[in-house]
Structure formats: structure tokens, C-alpha cells
């Protein structure tokens, strides 16, 4: 991804694709249905999954926290 400020990120979503919303996204046919929302300026999928643009921008810094959150979701399920 390339952001307005010129930052480029290669994002591996796999560590955080869990729960009802993000769990279907590892399937290539589902993941490839993403689009760029013209208003929110972020990736969205037909099932309502999306990522905050700031999260995507700062992915390397926020990934550990996201992984912790996914682990809590899995424990709660």
C-alpha cells in the first residue's frame, strides 16, 4: 500500500484474520473482493470488514497489539 504521505507498507493481514468479521478473509476469493472506500479511504470488504487507515499506515507499530486482541477474541470464543 502507498499512503498520501509517500509511506509504503507491505501488510501481512494473516496474523489478525480471526472472528466473524475477519475470519473469512484468508480465503483468496473473499480477500480479493476488497475495494478502496472513497469516503473512508481504507480497504473494505463486502462482509463489512475494514481496517482503520491509521492502523494500516502504522501497521508495524500496531501489529503486536492487534495480535493480542485476536488472542483475546479466540479465548473468549
Check your understanding: For residue 8 and residue 73 in one chain, what is 0.36 nm times their gap in residues minus the Cα-Cα distance, to one decimal in nm?
Key -> 20.5 nm
**Study point:** Tilt relative to the chain, helix 59-76 - C-alpha long axis, 0 to 90 degrees, to 10
**Key:** 20
Check your understanding: When the chain is modelled as a GNM with alpha-carbon springs shorter than 10 Å, which of 17, 36, 25 fluctuates the most?
Key -> 36
Study note, to complete from the structure: A correct fewest-to-most ranking of 2, 42 by other Cβ atoms within 10 Å would be 2, 42
Check your understanding: Out of 27, 18, 49, any idea which swings most in a Gaussian network model of the chain, alpha carbons joined below 10 Å?
Key -> 27
Practice item. Quote the relative contact order of the chain in percent (integer), defining contacts as alpha-carbon pairs under 8 Å separated by 6+ residues. Key: 28
Review point. For the chain, what does the alpha-carbon gyration tensor say about shape, rounded, prolate or oblate, given a ≥ b ≥ c as the root eigenvalues, a/c under 1.5 as rounded, and a/b over b/c as prolate?
Key: oblate
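Laboratory data are not the source of any read-out in this text; all were calculated from the coordinates shown. None of the values given here were measured: they were computed from a predicted structure. Reconstructed Cβ throughout: ideal geometry from the backbone, glycine too, with neighbour counts over all protein chains shown.
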